[in-house]
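The values are calculated or read from the model by the stated rules, or taken from the named source; none is laboratory data. Model, not experiment: these values are computed from the prediction. We place every Cβ from the backbone using ideal geometry, glycine too, and count neighbours over all the protein chains shown. Heads up: the accessible areas ignore ligands, DNA and RNA and are worked out on the full protein's heavy atoms, side chains in. Shrake-Rupley method; radii C 1.70, N 1.55, O 1.52, S 1.80 Å.
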Amino acid sequence: MKLTDLRPAKGAVKKRKRIGCGTGSGHGGTSTKGHKGHKARAGGGSHPWFEGGQMPLMRRLPKGGFKNPGRVEFQVVNVADLSVFAANTEITPALLLQHKLARRATQPIKLLGHGDIDRPLKVKIHAASSSALEKLKAAGGSVELLTSSSQGKD
C-alpha cells in the first residue's frame, strides 16, 4: 500500500453544492434561494431581533431612568481597614492607594464608620461619614477633609 492509494471511506465525503452553475446542475436559476424576497437578496436575512415587521419590543417599551451627570461616586474605606497603620500615621489618599485600600487615584475616597479603631490617626480624605468622624476622634485622631480640586492630584 502506498500513500497515494489512501482514500476516504465510501460515503464519508459529500460533494460540494455548486450553486448557480446552470440548470443542469440542479442548482441554477434561483441558486437554491427561492423566488424574490428579503432572504433571496445578496446580504439578505433579517436581524435576530427582527419581529416580522411588527413594532420591535425595544420600541414598544417605554424609556426610563435617569443618569445624574453631577453624581460623585466615592471609593469606600472603612474605619476597620485603617487598623493596618501604626499610631499617629498621617493617612493620605496616596498612602491608601499604596496599601491597596483604594483602587483609583482619580476617584475620591470616603471614610465610613464600619468597625472600630483603637489608635490615633491623622486622616486626610475627601469625605467621611459622621460615625467615622466620631470613632476617629474618640480614638484621639483627627480628620482633615480635602477639597474636590485636589482629588485628581493624589
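The table below lists the values:
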read-out	value
Hey, THR4 modelled with pLDDT under 90, out of contact with any strand residue (DSSP E or B) (no Cβ under 7 Å at 6 or more places or on another chain) and surrounded by fewer than 10 Cβ atoms within 10 Å (Cβ to Cβ) or not	no
Boolean, LYS67 is in a loop (DSSP other than H, G, I, E, B) and open to solvent by 100 Å² or more (accessible area, probe 1.4 Å)	yes
Where ARG71 falls short, out of the listed (1) closer than 30 Å to PRO93 by Cα; (2) at pLDDT below 90	(2)
Search result, residues across region 95-140 that are at positive phi and either under 28 Å from the mean Cα position of the chain (by Cα) or in a helix (DSSP H, G or I) (or both)	LYS100
Members of region 30-49 found to be farther than 30 Å from ARG60 by Cβ, of a type outside the set (D, E, K, R) and open to solvent by 80 Å² or more (accessible area, probe 1.4 Å), listed by number	HIS35, ALA42
